[in-house]
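Have a look at the structure below before the remarks.
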Amino acid sequence: DNTINKIAAGEVVERPSSIVKELIENSIDADSTSITIEIKEGGKSYIRVTDNGNGINPEDIQLAFLRHSTSKISNPEDLSRVLSLGFRGEALASISAVSMVELITKTEDNNIGKSVEIHGGVLKEELDVGAPKGTTIIVKNIFYNTPVRRKFLKSEGAESANIGDIINKLAMCNPNISFKYIKDGKNIIKTPGNGDIKSTIYSIYGKEYTKSLIKVSYVNDKFRIWGYISEPSLTRGNRSNELFFINKRYVSSLILSKAVEDAYSSLITINRFPIVFLYIDIDPEDVDVNVHPSKIEVRFENEMIVVDKIKSMIKKRLLGENL
Ligand code: ADP
Ligand code: MG
């Protein structure tokens, strides 16, 4: 099957944070407006993602756990313009092969929900249950059946930090979705889900960031750049708060980071980094999302023009010019 051949089979379950990412992306693809993520012990013993999205039809549940089964692509041409986040159809299959998964789901059209339990890829239980519309997936005891891989998991703190980072980024590119993150019983963040970037930043990064933000924007007929940058007085010791989103997807790009840093270079102390939340909207046909299986490093048309525009836009704003 050509569709399958065109899809690079990447390893999706490396660590708890990669599971959290796949589950949240599935919730986003299912048109959820509210997503709750709960983890325990860095996600090693427990990950729960609950959404209020479309749910899965009872007859499609088992299919969803099969490798290369995706409801999101039906022919090879679709691949070049996939807008949904997941399209390889292997996340649930891979996750359920190495952990104990419980899924509870209900669609609008069904009166009753379904619950299934799958341990190490084997269906253990299937029940009718009362449930609200949406899907809950609980992933317990990652790598319980592959002890060597379990040993290679990082410390609880390191795994939690990674999970927090992924949730922040997904929340920042989906301001219309309310994200709630609970870690070891404690509420960590709750974003408003009202579409507003500034209040989303406030709910994740706090008051200090929000106070020092400067709005930026640039538009031409090929692309649009917009978002917030920090006053030069508020900096970080690393690049972790230089965030770029292309077509609502987080991307890591040294080229874009350098462009931003270049614009700040005369105003910021050496070895310090600005805080930026920059969104680039561009024709999806011009973006190559498949450069890397983790879908983070991207290439796009007009990269150098975008870089130039970012530099001049930021320089102007830092000099106090109006939008
Ligand atoms: P992919 O996202 O690449 O299609 P996955 O293995 O992540 O593959 O998911 C398989 C299928 O299960 C999806 O195509 C979708 O139909 C269904 N699914 C998974 N999670 C959810 C969810 N939270 N809500 C609705 N459907 C879901
Ligand atoms: Mg998926």
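Rule-based calculations on the coordinates, nothing more; no lab input. The model shown is predicted, which means the values in this text are computed figures rather than measured ones. Please note: Cβ atoms are built from the backbone with ideal geometry, for glycine as well, and neighbour counts cover all protein chains shown.
Farthest towards the positive end of the charge dipole of the stretch 212-318, among the residues VAL260, ILE280, LEU234, is the Cα of LEU234, using unit charges on the Cβ of Lys, Arg, Asp and Glu.
The alpha-carbon of LYS140 sits under 13 angstrom from the alpha-carbons of these aspartates and glutamates, leaving out residues fewer than 8 places away in its chain: GLU38, GLU41, GLU102, GLU117. Each of VAL101, VAL307 has some number of other Cβ atoms within 10 Å of its Cβ, and from fewest to most they run VAL307, VAL101.
How high is the FRET efficiency from ASN322 to ASP288, r the C-beta distance, R0 25 Å, rounded to 0.05? Please list the in-between numbers first.
Numbers: r = 35 Å, r/R0 = 1.40.
Between ASN322 and ASP288 the formula returns 0.10.
The residue among THR33, THR105, ILE270 whose Cα reaches farthest toward the positive pole of the charge dipole of the chain, with charges on the beta-carbon of Lys, Arg, Asp and Glu, is ILE270. Can you give the helix-only mean residue ellipticity at 222 nm for the chain, where every DSSP H stretch with n ≥ 4 adds -39500 (n - 2.57) and the sum goes over all residues, rounded to the nearest 500 deg cm²/dmol? Per the formula, -8500 deg cm²/dmol.
Counting only Cβ charges, +1 for Lys and Arg and -1 for Asp and Glu, the dipole size of the chain around its Cα centre is about 1320 debye.
For the chain, the residue among LEU170, LEU243, PRO16 whose Cα projects farthest onto the positive side of the dipole built from Cβ charges is LEU243. Ranked by how many other Cβ atoms sit within 10 Å of their own Cβ, fewest first, the residues TYR181, TYR209 fall in the order TYR209, TYR181. Listed by chain and number, the aspartates and glutamates whose alpha-carbon sits under 15 Å from that of LYS248, ignoring those within fewer than 8 places in the same chain, are GLU25, ASP29, ASP31, ASP196, ASP281, ASP283, GLU285, ASP286, ASP288, GLU297. Projecting label points 7 angstrom from Cα along Cα→Cβ for LYS124 and ASP184 puts them 2.5 nm apart. Pairs from the table (LYS40/LYS211; LYS198/LYS258; LYS44/LYS154; LYS190/LYS211; LYS21/LYS154) lying more than 21 angstrom apart at Cα are LYS40/LYS211; LYS198/LYS258.
To test your reading of the geometry: what angle, between 0 and 90 degrees and rounded to tens, separates the Cα axis of helix 254-264 from the longest principal axis of the chain? Roughly 30 degrees between the two axes. Modelled spin labels at TYR144 and ASN194, positioned 7 Å past Cα toward Cβ, are 4.2 nm from each other. Distance from the alpha carbon centroid of the stretch 187-204 to that of the stretch 98-137 works out to 29 angstrom.
Near LEU127: Cβ cut-off under 11 Å, other residues only, Lys/Arg at +1 and Asp/Glu at -1. The net charge is -3.
Placing pseudo-labels 7 Å out from each Cα toward the beta carbon at ARG239 and THR269 gives an inter-label distance of 2.2 nm. The peptide list 168-176, 276-284, 261-269, put in order of mean Cβ contacts within 10 Å with the highest first, becomes 168-176, 276-284, 261-269.
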